[in-house]
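Engineer: Below: one structure in structure tokens.
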Amino acid sequence: MDEKDEKELNEDVSSEQEETADEDVQIESDEQSTEEESSGSSELEEKQKELDDMTDRYYRLQAELANIRRRNQRDREDLLRYSSQSLAKELLPALDNIERALSIEVDTEAGENLKKGIEMVYNSLQQALEKEGIEVIDPVGEPFDPNYHEAYTQVPANEDQGSNEVAQVFEKGYKLHDRVLRAAKVSVTL
């Protein structure tokens, strides 16, 4: 073989080796792209799951915030609605004393005039309390309700009374809207 043939043979062999190397690189490249696609797919799934979790958390936090706002609004309304509660509780003993003063019998004109003045003060105080939503619980003849009445004694029922009825009120009760400030102290029929 002469040099020319050898050269051609070497070129053929080297071109075959290059083609084989190219094929190996192509196969490796295909394998890598398949691995990258599968790892990219799992990464995408992870990211999608993470996004779903964050979206769910976002909606939960939004709902919680809305609940907090509603609760705060309700608390503010209750605060305004029941703002006079502590003052009313402090005034109840004074009202009781005024009622006791009004129940006293007087036999002089000066005593009558004094009683009329006390009655006017009592009425104006009652009106002011009613404006604030304070109501009297005076349950004579009504069925006993432990939410509004405090039983002190039990008495036998008359013919016109049923059992478990309020027979007598020892001390009036008061409520502010739907809250009981003081339960009425009563005697209950058997």
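The values are calculated or read from the model by the stated rules, or taken from the named source; none is laboratory data. Since we're looking at a predicted model, the values are computed, not measured. Every residue, glycine as well, gets a Cβ built from its backbone with ideal geometry; the counts of neighbours run over all protein chains shown.
Engineer: Name the residues in the stretch 98-117 that are of a type in the set (Val, Ile, Thr) and in a helix (DSSP H, G or I), would you?
Structural biologist: Restricting attention to the stretch 98-117, the residues satisfying the condition of being of a type in the set (Val, Ile, Thr) are 98, 104, 106, 108.
Once the filter is applied, which keeps residues that are of a type in the set (Val, Ile, Thr) and in a helix (DSSP H, G or I), the stretch 98-117 yields only Ile98.
Engineer: Suppose we filter Val186, Val140, Val136 for residues that are out of contact with any Pro (no Cβ under 6 Å at 6 or more places or on another chain) and part of a loop (DSSP other than H, G, I, E, B); which single one remains? If you could, list the steps in order and put the result at the bottom.
Structural biologist: On the way: Val186 fails: part of a loop (DSSP other than H, G, I, E, B); Val136 fails: part of a loop (DSSP other than H, G, I, E, B).
Of Val186, Val140, Val136, the one residue that is out of contact with any Pro (no Cβ under 6 Å at 6 or more places or on another chain) and part of a loop (DSSP other than H, G, I, E, B) is Val140.
Engineer: Quick check on this structure: which one of Asp22, Asp56 is outside the structural domain of Lys175 (by the TED database), within 41 Å of the chain's Cα centre (by Cα) and either surrounded by 10 or more Cβ atoms within 10 Å (Cβ to Cβ) or at pLDDT 90 or above (or both)? I'd like the intermediate steps shown before the answer.
Structural biologist: On the way: Asp22 fails: within 41 Å of the chain's Cα centre (by Cα).
None of the other options fit; the residue is Asp56.
Engineer: A further question follows. Can you pull out every residue in the stretch 145-182 that is under 17 Å from Glu99 (Cβ atoms) and not polar (S, T, N, Q)? Spell out how you get there, then give the answer.
Structural biologist: We begin by selecting, within the stretch 145-182, every residue under 17 Å from Glu99 (Cβ atoms); these are 168-174, 181-182.
If the condition is that a residue be under 17 Å from Glu99 (Cβ atoms) and not polar (S, T, N, Q), then Val169, Phe170, Glu171, Lys172, Gly173, Tyr174, Leu181, Arg182 are the ones that fit.
Engineer: For Val180, only one of the following conditions fails: (1) of a type in the set (A, V, I, L, M); (2) in a helix (DSSP H, G or I); (3) within 33 Å of the chain's Cα centre (by Cα). What is its number?
Structural biologist: Val180 satisfies all of (1) of a type in the set (A, V, I, L, M); (2) in a helix (DSSP H, G or I); (3) within 33 Å of the chain's Cα centre (by Cα) except (2).
Engineer: List, please: which pairs have Cβ atoms under 6 Å, are six or more places apart or on different chains, and start with a residue in the stretch 98-119 that is at negative phi and end with one that is assigned to a helix (DSSP H, G or I) and at pLDDT below 90?
Structural biologist: Correct list of pairs: empty, since none qualify.
Engineer: OK, next. All but one of (1) modelled with pLDDT under 95; (2) assigned to a helix (DSSP H, G or I) hold for Met120; which doesn't?
Structural biologist: Condition (1) is where Met120 drops out.
Engineer: Something else now. Here is a list of conditions, (1) farther than 20 Å from Leu181 by Cα; (2) surrounded by fewer than 11 Cβ atoms within 10 Å (Cβ to Cβ); (3) not β-branched (Val, Ile, Thr), and Glu119 meets all of them except one; can you say which number that is?
Structural biologist: Only one criterion is unmet by Glu119, namely (2).
Engineer: Can I ask one more? In the stretch 71-97, how many are in contact with a helix residue (DSSP H, G or I) (Cβ under 9 Å, 6 or more places away or on another chain) and in a helix (DSSP H, G or I)? Explain how you work it out, then say what you get.
Structural biologist: From the stretch 71-97, those in contact with a helix residue (DSSP H, G or I) (Cβ under 9 Å, 6 or more places away or on another chain) are 84, 88, 91, 94-95; that's our starting set.
Now restrict to residues that are in a helix (DSSP H, G or I): 88, 91, 94-95.
Within the stretch 71-97, residues that are in contact with a helix residue (DSSP H, G or I) (Cβ under 9 Å, 6 or more places away or on another chain) and in a helix (DSSP H, G or I) number 4.
Engineer: Out of the residues in the stretch 67-84 that are under 16 Å from Val180 (Cβ atoms) and either out of contact with any Asp or Glu (no Cβ under 9 Å at 6 or more places or on another chain) or at pLDDT 95 or above (or both), which is surrounded by the fewest Cβ atoms within 10 Å (Cβ to Cβ)? I'd like the intermediate steps shown before the answer.
Structural biologist: Filtering the stretch 67-84 down to residues under 16 Å from Val180 (Cβ atoms) leaves 78, 81-82, 84.
If we keep only those that are either out of contact with any Asp or Glu (no Cβ under 9 Å at 6 or more places or on another chain) or at pLDDT 95 or above (or both) too, we end up with 78, 81-82.
Numbers: Asp78: 12, Arg81: 15, Tyr82: 17.
Top of the filtered list is Asp78.
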